[in-house]
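Okay, structure first, notes after.
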Amino acid sequence: MNSIIVGCGKIGVSEAGAANDVYGTNNLFYGNRVDFQDEGSVACVGSNAINACAGMSGNRSDRNPGFAKLYDNYNFNAFYSDSPCTNTGIGGVNLGAYTNPVIVPVSSNTYYVATTGSDTNSKVQATNSTTPWKSMTNAIANAVAGDTVIVKPGTYTNSAVVEFNRCGSGQPIRFQAEGSVVLVKSGSTPQIKLTAASDVILDGFEIRGQTFAVGFSYKNIIRNCRFMRVNANGISFTGSPGNLVELCVMASNNVNVAMNDASGNNLFSKCRMLDATNTAATSGSIVFGPYSCSNIRLENCVVAGGRNHGIFMSGVAQTVFLVNSVVTGHTLDGVHVEPGTTTGGGVMLTNCIIFSNGAYGVNEVNTRMDAYPGYCCFSNNASGNFYDFDSAGGYTTASDINTLVLPVGSTTNNIVVDPLFVNAGTNDFRLLTGSLCIDAGTPTTELATAYYGNPRKQGSAVDIGIHEYPVKNNGTLIQVR
């Protein structure tokens with residue numbers, strides 16, 4: 001009653017069975033992978049679903065609780081002025097653990113940062129582009145919900161930790177790069193990371209030479225960013241559910257994306273993960289595991305050119321959805337599903353193109369986690385297009401792949417054919433006239449648009465791959481090598 005349940009990488013509240021009922025009234029759920037799990041393992045996400053459960057009423061999950069000083073050693077005793085938690089409990093009390101929390105005003109200021117600025121400038125001065133702050137750390141420390149920080153072009157070399165550790169409320173905190181803004185580290189210990197953050201928007205930054213670590217953060221947006229040339233992970237997630245990463249490039253990192261430890265419900269949209277440098281057979285351009293990170297979606301994404309696997313899954317059962325994406329050019333498997341420690345989950349591939357990988361297109365090497373391709377195009381994978389552990393067979397033809405003994409409907413309508421790209425060598429994965437991938441996909445209600453934003457259905461059905469033929473605008477191709 002009158003509680004706040006936020007940022008849980010697995011389940012906010014779990015009702016284990018009929019003998020262990022949970023009764024909840026006037027609670028706020030936010031940023032959990034699953035807000036409430038009813039008896040019988042029914043996952044309830046959203047206010048209506050939660051309140052439909054026996055013993056649950058008056059709960060909501062539509063708003064950030066608005067913690068204003070979570071960065072201060074996880075201080076839960078300060079709310080923004082627009083927080084839905086103040087005076088909204090039964091009897092007019094506050095939600096949460098504190099009776100008289102500190103109230104911090106929401107703002108709407110725009111601040112500026114430039115390499116020519118000074119951190120001795122006041123907050124008032126920093127709202128003028130001619131008297132900006134100099135460092136990102138100073139801007140982060142001063143920003144509150146509703147503020148925008150515009151960072152002027154330049155390379156910002158950081159000798160200390162740059163930690164985006166703020167929370168928005170009803171309004172986000174936006175950090176916007178203006179032109180080319182590069183964040184790099186200096187020395188062996190500095191880090192650039194997103195920690196204990198929610199409703200923060202990062203837009204347009206290039207982070208070079210240092211892992212961008214997302215830890216215990218939920219409901220953030222990372223957009224139009226580049227994560228480049230790191231001898232570790234380009235971007236990593238730990239205990240961070242419900243984040244959106246869109247229109248980003250991860251290139252020439254040891255591992256481009258690492259997902260681990262209760263980082264569920266994250267969405268990657270229209271991203272490119274290119275040229276991972278790790279050569280180990282137990283790694284990939286994208287690595288899931290070894291701990292649970294279920295319900296990860298990759299939509300309209302390209303995973304290309306790595307020196308091991310494209311996507312590598314291992315450990316505790318997890319579920320990954322790969323939709324309208326391209327996986328190509330890896331030294332080993334395009335998608336590799338390693339033996340798990342628990343049964344369940346796997347990778348669901350829909351409307352994807354898996355081609356020209358050095359071993360299998362999709363390699364399912366265990367009975368605990370499966371791979372389910374449907375409406376996919378396979379071509380030119382050196383060892384075979386699909387390896388199925390359950391039937392101990394490697395399959396090349398479409399008829400073989402489509403008749404595997406797997407859940408009904410999971411491996412239907414796959415094709416084995418050259419997809420006919422405009423120029424795969426330059427990562428131009430638009431389809432040429434005559435491609436059998438045109439109108440060969442299945443509708444996915446989650447995807448209204450293709451890579452360049454044109455509507456997903458241009459013909460009789462949606463296309464397989466990241467683009468919808470024909471591409472009807474003049475978007476600039478992202479080509480990173």
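The values are calculated or read from the model by the stated rules, or taken from the named source; none is laboratory data. Computed from a predicted structure; not experimentally measured. Positions of Cβ are backbone-derived with ideal geometry, glycine not excepted, and every protein chain shown enters the neighbour counts.
Entry remark, segment 60-78: residues being at negative phi, in contact (Cβ under 8 Å) with a residue 40 or more places away in the chain and surrounded by 20 or more Cβ atoms within 10 Å (Cβ to Cβ) number 5 in total. When residues in segment 198-239 are screened for being of a type in the set (Ser, Thr, Tyr) and farther than 26 Å from Thr110 by Cβ, 3 of them pass. Taking residues in segment 339-360 that are more than 27 Å from Tyr451 (Cα to Cα) and of a type in the set (A, V, I, L, M), and partners anywhere that are crowded, with 23+ Cβ neighbours inside 10 Å and at pLDDT 85 or above, the pairs with Cβ atoms closer than 7 Å and at least 6 places apart or on different chains are Ala359/Leu332; Ala359/Asp333. For segment 108-117, indicate whether the set of residues that are at pLDDT below 95 and out of contact with any helix residue (DSSP H, G or I) (no Cβ under 8 Å at 6 or more places or on another chain) is non-empty. Checked segment 108-117: at least one residue is at pLDDT below 95 and out of contact with any helix residue (DSSP H, G or I) (no Cβ under 8 Å at 6 or more places or on another chain).
A count restricted to segment 16-57 and to residues that are modelled with pLDDT under 70, under 26 Å from Phe216 (Cβ atoms) and of a type in the set (S, T, N, Q) stands at 1.
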